[in-house]
Every structure is written in structure tokens, then in C-alpha cells.
Amino acid sequence: MSNLRIAVQKSGRLNEDSMNILKDIGISIDNGKDQLKASARNFPVEVFYLRNGDIPQYLKDGVVDAAIIGENVLIEKGADIEFVERLGFSKCKVSIAVPKESNANSLQDLDGQRIATSYPETVKKFLKEKNIKADIHIINGSVEIAPNIGLADGICDIVSSGSTLFKNGLKEIEVLLTSEAVLAVSSKISVERRAILEKIQFRIQSVLKGQNSKYVLLNAPNDKLDAILNLLPGMRSPTVLPLAEKGWSSVHTVISKNEFWEIIDELKANGAEGILVCPIEKMVL
């Protein structure tokens with residue numbers, strides 16, 4: 001069986017998160033310092049360590065079969081490339097910002113002005129949709145400095161926490177898009193390697209479902225059991241077991257993190273006691 005070739009960013013936060021999720025799905029990679037390619041010990045996968053901006057072209061050319069890449073990079077350089085899974089990490093925004101002392105407070109205020117960016121195609125498309133005309137200056141790296149040296153009136157760049165904008169005396173005035181890491185696929189992937197990718201995707205889904213859920217055990221009085229069960233989603237249905245103490249049952253279920261506290265409050269109000277909450281490593285459905 002030929003190995004699936006998957007690209008990840010060669011350094012930085014996205015590299016760390018990418019390698020962590022591969023580890024979480026049971027793929028062991030031996031990668032030495034400055035190594036550009038490494039094979040898994042226990043799975044038919046080769047990992048290529050590439051510059052993030054180069055990955056879309058490698059996917060288009062079929063040099064790699066798949067990649068863990070920022071959605072913002074795909075939008076800029078590979079809008080026609082398919083992605084099959086959102087991965088939930090390396091989240092950011094692509095935003096337009098101006099100096100804090102600038103009179104510009106909206107995108108319309110930059111009509112006819114200069115914008116520096118590493119995302120020219122994304123900016124051009126967005127401005128065209130908003131019927132705004134601006135002079136685009138393409139900069140690779142250190143975009144935040146452009147207004148301070150008189151090169152531009154505003155910038156467009158990725159924003160994570162906003163601390164970089166703050167440090168450079170900039171304020172955000174428009175969000176073009178939100179982004180996260182995705183699992184992208186080359187259109188030239190073979191049937192055999194697509195099958196390997198589907199196994200990886202299944203494992204990733206199991207990890208992500210586990211991360212977004214909590215395992216809950218609680219004690220419920222039998223006379224309130226129906227009301228409590230009606231509050232619980234569960235994977236199929238909650239598990240109910242009799243306790244040694246007469247008139248009580250133990251209830252086991254899974255709750256999404258997004259609705260966890262609301263459900264816990266309702267459970268307590270309906271008589272649930274001894275609520276135990278456990279993290280879930282993986283959920284295989």
C-alpha cells in the first residue's frame with residue numbers, strides 16, 4: 001500500500017496543533033530537527049513540513065495528497081481546493097485595521113485609500129463586493145508596520161488575540177472572514193490514498209467529538225427520573241442503573257460542552273444529586 005502524503009506547516013502554532021492531532025489519532029511521527037519529510041511508524045502516512053503559503057500549490061500539483069492548513073490560506077491561494085473537515089484549532093480572523101488616531105472607523109472610510117496586506121486576492125474580492133476602491137500594497141510579513149512608515153492608511157492581516165494590533169497602535173474596523181485549521185485534499189489524490197485519508201478523517205472526528213463533549217454521571221430519585229431523562233440528550237439514550245439505596249438510580253450520559261451548564265442547572269433543579277463530570281478522550285460512533 002502506498003503512503004498518504006500529508007503536508008503540515010513547518011513551524012509555528014499551526015505546526016504544533018497539527019502534530020498534536022496526529023498524535024491524538026494514534027499516528028506516531030519521528031521527525032528530527034529541520035527534517036522536511038518523515039514517515040509514520042504505525043500508519044501508511046508521510047508528513048511533509050512546508051511553508052504554509054506553499055501548501056496550496058503542492059495540493060494543486062498533487063505533490064501532496066492532503067494538508068492541515070489554515071482556511072484563510074486556502075481562500076487566498078487555493079479557493080478551488082476541497083477541504084473535508086474543520087479541525088477546531090488555530091482560529092483567527094482576517095481583519096482590516098487602521099491607526100488608533102485615524103479618522104477611519106469603517107470600511108467605507110478607506111475608499112480611495114491605501115491598504116497593505118499579505119492577502120491581496122482576499123482583500124480585492126471583499127472590496128469589490130462592498131463596492132470600495134483602494135490601492136493594494138502587497139507585503140509579505142510585518143504588515144502592521146506599514147501605516148507607521150507611511151506606506152499605507154490601513155492594513156489587512158490575520159488577527160488572533162488582537163495583541164499585535166494593540167502593540168502597533170492599530171484598531172480593527174472590519175472583519176473579512178473567520179478562519180480555522182482544515183483538512184484539505186488534492187483533486188489528484190488516488191482512490192487508494194483517499195481510503196487512507198478517510199480512516200484519518202474518521203479518527204479526527206472521534207477526537208473532536210470527544211473534545212466537545214462531557215461524560216456525566218448523576219444520582220436521581222426514581223420519582224423524578226422521567227423529568228431528568230427528558231433533559232438529557234445522550235448519544236442514543238441515557239444509561240439508567242439501580243442504586244443500592246432503594247428509590248434511587250444512577251444515570252450516565254454525554255452532554256455537549258456548548259449546552260453543559262444550562263443542562264446541569266436544570267438537572268439540579270429537578271432533583272439530581274452527586275453529579276460527576278468526566279472528560280472524554282474520544283467518541284467512536
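The values are calculated or read from the model by the stated rules, or taken from the named source; none is laboratory data. Quantities reported herein were computed from a predicted structural model and do not represent experimental measurements. Heads up, the Cβs are rebuilt from the backbone with ideal geometry, glycines too, and the neighbour counts pull from every protein chain shown. We work out accessible area using only protein heavy atoms, side chains counted, and drop any ligands, DNA or RNA first. Shrake-Rupley method; radii C 1.70, N 1.55, O 1.52, S 1.80 Å.
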Report ³J(HN,Hα) in whole Hz for each residue of region 270-285, in order, from the Karplus equation J = 6.51 cos²θ - 1.76 cosθ + 1.60 where θ = phi - 60°; Gly and Pro get x.
9, x, 5, 9, x, 6, 10, 10, 10, x, 10, 6, 8, 10, 9, 10
Which of SER187, SER237, SER179 fluctuates most in a GNM of the chain (C-alpha springs under 10 Å)? That residue is SER237
Counting only C-alpha contacts under 8 Å and six or more residues apart, can you give the relative contact order of region 118-173 as a whole percent?
31 percent
Got a number for the accessible area of TYR49? Probe 1.4 Å, square angstrom, nearest 10.
10 Å²
Using 1/(1 + (r/R0)^6) with R0 = 35 angstrom and r between the beta carbons of ILE138 and ASN31, what's the FRET efficiency to the nearest 0.05?
0.60
Computed accessible area, CYS92, all protein chains, 1.4 angstrom probe, square angstrom
20 Å²
Per the rule of 0.36 nm per residue minus the C-alpha distance, extending ASP54 to LYS188 adds in nm 46.5 nm
Around ASP54, under 13 Å between beta carbons, what's the net of Lys plus Arg minus Asp minus Glu among the other residues?
+2
For ARG114, other-chain or 5+-apart residues with amide H closer than 5 Å (H placed, Pro excluded) are ASP135, ASP153, GLY154
Would you calculate the separation in nanometres between label points at GLU101 and THR239, each defined as 7 Å from the Cα along the Cα-to-beta-carbon direction?
6.5 nm
Pairs of Cα atoms under 8 Å, at least six residues apart: use those to get the relative contact order of the chain, whole percent.
19 percent
Which of LYS133/LYS171; LYS77/LYS214; LYS93/LYS257; LYS77/LYS128; LYS167/LYS257; LYS91/LYS199 exceed 29 Å between C-alpha atoms? The answer is LYS77/LYS214; LYS167/LYS257
Measuring from the longest principal axis of the C-alpha atoms of the chain, the long axis of helix 13-24 (C-alpha) lies at a number of degrees, nearest 10, equal to 30 degrees
How large is the accessible surface of ILE136 in square angstrom, using a 1.4 angstrom probe and rounding to the nearest 10?
40 Å²
Dipole of region 112-205 (Lys/Arg Cβ +1, Asp/Glu Cβ -1, origin at the Cα centre): which of LEU177, SER142, ILE189 lies farthest to the positive side?
ILE189
Rounded to the nearest 10, the angle in degrees between the Cα long axis of helix 191-211 and the longest principal axis of the Cα atoms of the chain comes to 60 degrees
Packing-ranked peptide list from 219-232, 111-124, highest mean Cβ count within 10 angstrom first, is 111-124, 219-232
So if R0 is 25 Å, what FRET efficiency would ALA269 and LEU217 give, r being the distance between their Cβ atoms, rounded to the nearest 0.05?
0.85
J(HN,Hα) series, region 34-45, from Karplus relation 6.51 cos²θ - 1.76 cosθ + 1.60, nearest Hz, glycine and proline x
6, 6, 9, 8, 8, 9, 6, 7, 10, 7, x, 9
Helix-only [θ] at 222 nm, the chain, -39500 (n - 2.57) per DSSP H run of 4+, per residue, nearest 500, equals -8000 deg cm²/dmol
A correct Karplus calculation of ³J(HN,Hα) over region 84-99, with 6.51 cos²θ - 1.76 cosθ + 1.60, θ = phi - 60°, whole Hz and x for Gly and Pro, returns 10, 7, 7, 9, x, 10, 6, 7, 7, 10, 9, 10, 9, 9, 9, x
For VAL63, VAL191, what's the largest-to-smallest order of accessible area, 1.4 Å probe?
VAL191, VAL63
Taking 0.36 nm per residue of separation between SER160 and VAL175 and subtracting their Cα-Cα distance, the length gained on full extension comes to 4.2 nm
FRET efficiency (VAL84, ASP61; Cβ distance; R0 22 Å; to 0.05) is 0.70
Give me, ordered by chain and number, the residues 5 or more places off LEU170 or on other chains with an amide H under 5 Å from its own placed amide H.
LYS100
Under 5 Å between amide hydrogens, which residues at least 5 positions from VAL159 or on another chain qualify, with H placed 1.01 Å from N in the peptide plane?
LYS93, VAL94, SER95
When the Cα centres of region 192-228 and region 29-90 are compared, how far apart do they sit, in Å?
27 Å
Return, ordered by residue number, the residues of region 113-153 whose backbone nitrogen is under 19 Å from a label point located 7 Å along Cα→Cβ of ASN15.
141-142
Quantify, in whole percent, the carbon and sulfur part of the accessible surface of region 1-128 (1.4 Å probe; protein heavy atoms only).
43 percent
